[in-house]
Amino acid sequence: MAISIKEDKKGVNWVSILTIFIIIVVVFAGAYFLFFKKPELVEVVVPGRFEDISKFSDIEFNPRKVLESSEFKVLRQFQTDVEVSTPGKSNPFMH
């Protein structure tokens, strides 16, 4: 009498296949929305008072003119300079 041993066939793991499929779909959908889909343009209506700000962009700033002006020369400095000292002791073994 011969002994026959049959190996059990493993079934298909549908949970792992479904999980991998969902991950692949999410990656491709993310890539599509990130790289290929054109974003919708948002229309912004600028209030009237912001239109006056464009006048400031036409102003030219000349630092030499400011430094040579009489108003700048009248200014004085009322604070003293801060002295920077070295932190810690010069000899760490001294008490």
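For the reader, a short list of remarks on this structure follows.
- Meets criteria (without any contact (Cβ under 8 Å) to a residue 12 or more places away in the chain, surrounded by 10 or more Cβ atoms within 10 Å (Cβ to Cβ), out of contact with any Pro (no Cβ under 6 Å at 6 or more places or on another chain) and not basic (K, R)) for V66: yes
- Candidates K55, K73, filtered to the one that is assigned to a helix (DSSP H, G or I) and either in contact with a helix residue (DSSP H, G or I) (Cβ under 9 Å, 6 or more places away or on another chain) or touching a residue at least 60 places away in the same chain (Cβ under 8 Å) (or both): K73
- Considering the conditions (1) at pLDDT 90 or above; (2) touching a helix residue (DSSP H, G or I) at 6+ places or on another chain (Cβ under 9 Å), E68 is excluded by exactly one of them, (2).
- Qualifying positions in the stretch 30-52 - at pLDDT 90 or above and either of a type in the set (A, V, I, L, M) or not in a helix (DSSP H, G or I) (or both): A31
The values are calculated or read from the model by the stated rules, or taken from the named source; none is laboratory data. Keep in mind that this is a model prediction, so the values were computed, not measured. Note: ideal-geometry Cβ built from the backbone for every residue, glycine included; neighbour counts use all protein chains shown.
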